[in-house]
Amino acid sequence: MPAQVFAIANQKGGTGKTTLTMNLAAGLARRGRTLVVDADPQGSASQWARLAPDERAYPATVIAVAGSLSREVGRFRQDYQYIVVDCPPTLESDAVRLAMVAADRVLIPVLPSPMDLWASVRMAKAVENARQDNRNLQANLILNQLEVRNALSRSMRQALAEFDIPALRNAVQRRAIYRNAALEGVSVYDLANRGKPAAAEIDAIIEEILEL
Amino acid sequence: MKKLETKLAAGVRQAKKTQEQPAMAPASTPAAAPQAKRQSDQPSAPVRDDTRQNLHPERVWPD
C-alpha cells in the first residue's frame with residue numbers, strides 16, 4: 001500500500017513546522033515505517049536528526065530534497081507507510097506547491113497570534129491553487145503553541161472558523177519540552193515522563209488525522 | 001473574550017478581501033502605461049535629512 005503523505009506547510013516562518021514534522025513523524029514511526037522529507041533549504045529537520053545520540057537514533061529516516069519533490073516523494077511511496085514533508089517558509093519557491101501536489105494532506109500550523117492567523121489566509125489560497133493539480137488534497141489548520149490560560153489562544157478557535165480549511169480538533173500546546181527535544185535530536189516520545197503530556201497530544205493529532 | 005474573537009475573525013475577513021483585490025483590479029489601460037513609464041524614468045528626489053525633525057521640539061533651532 002503506498003505511503004500516506006503529509007506536507008507540513010505555512011509560508012510564515014516560526015510557526016513550528018519542523019517541530020511538528022519531527023514529532024509527528026516520530027509518532028507515526030511507532031505505527032509504521034516513516035520517512036521525513038526535508039524540503040526546507042535551512043535543513044532544520046536534517047540537523048535535528050543529526051543531533052540524535054548514537055545510542056538512540058531518530059526513529060524515522062530523514063532525507064533532504066532540493067530537486068523535484070514530487071519525483072522524490074513518488075520514489076519512496078512504496079517503501080514507507082508514512083511520509084512527512086517539512087516545507088520551507090515561503091510560497092515564492094515551487095517547493096511548497098510541489099509538496100502539496102504530492103501530498104494526501106497538508107497540515108498548516110498556526111500560532112495563536114493575530115499576525116500569524118491573518119498571514120495564513122495566503123496558505124488557504126495556495127491550497128486552493130494546489131488542488132488544481134491534486135484535487136484529492138486534504139488540508140487542515142492546526143493550532144500550535146497554544147496557551148490554555150491565554151484569552152487570545154482560547155479565542156483562536158472561533159477565528160479559525162472563518163477559513164475554508166477546517167482546523168483539527170486537537171492542538172499542540174506551548175511546552176518547553178518541544179525545544180528540549182530539538183536540542184537533544186530526539187522526539188517527545190523519547191523523553192520519558194517529561195515528554196508524556198506532549199507525546200499524548202501528538203498521539204491525539206495522529207489519531208485524528210489517520211481517522212479523517 | 002467575545003471582543004477578541006470578533007477582532008480576530010474580522011482580521012481574517014480583511015486579509016481575504018485584501019488578497020482578492022489585486023485579482024479584481026482592472027488591467028492598466030494602454031494610455032496609462034506610457035505615463036507610468038515616464039514616472040518611473042524620473043530620478044527620485046534626493047532624500048534630505050531634516051535635522052530639525054530629529055531633534056526634540058524644545059531643542060529645534062533656529063525657530
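Quick one: would you say A:ALA161 is closer than 24 Å to A:GLU207 by Cβ and modelled with pLDDT of 95 or more? No, not satisfied. Scanning the range A:137-154 for residues that are within 14 Å of another protein chain (Cβ to nearest Cβ) and in contact (Cβ under 8 Å) with a residue 40 or more places away in the chain turns up A:LEU152, A:SER153. Taking each residue of the range A:51-74 that is small (Gly, Ala, Ser) and looking for partners that are part of a strand (DSSP E or B) with beta-carbon atoms closer than 6 Å, six or more apart or interchain, yields A:ALA60/A:THR34; A:ALA60/A:VAL36; A:ALA64/A:ASP38. Restricting attention to the range A:93-114, the residues that are over 15 Å from A:LEU28 (Cβ atoms) and touching a residue at least 60 places away in the same chain (Cβ under 8 Å) add up to 9.
Taking each residue of the range A:156-173 that is facing chain B (nearest Cβ under 9 Å) and looking for partners that are modelled with pLDDT of 90 or more and part of a loop (DSSP other than H, G, I, E, B) with beta-carbon atoms closer than 7 Å, six or more apart or interchain, yields A:MET156/A:PRO112.
For the range A:23-79, filtered to residues that are among the polar types (S, T, N, Q) and over 15 Å from A:ALA3 (Cα atoms), the residue that is surrounded by the most Cβ atoms within 10 Å (Cβ to Cβ) is A:ASN23.
Within the range A:201-212, being in a helix (DSSP H, G or I) and farther than 13 Å from A:ARG30 by Cβ holds for A:GLU201, A:ALA204, A:ILE205, A:GLU208, A:ILE209, A:GLU211.
The values are calculated or read from the model by the stated rules, or taken from the named source; none is laboratory data. All of these numbers come straight from a predicted model, not from anything done at the bench. Note that each Cβ is placed from the backbone with ideal geometry, even for glycine, and that neighbours are counted across all protein chains shown.
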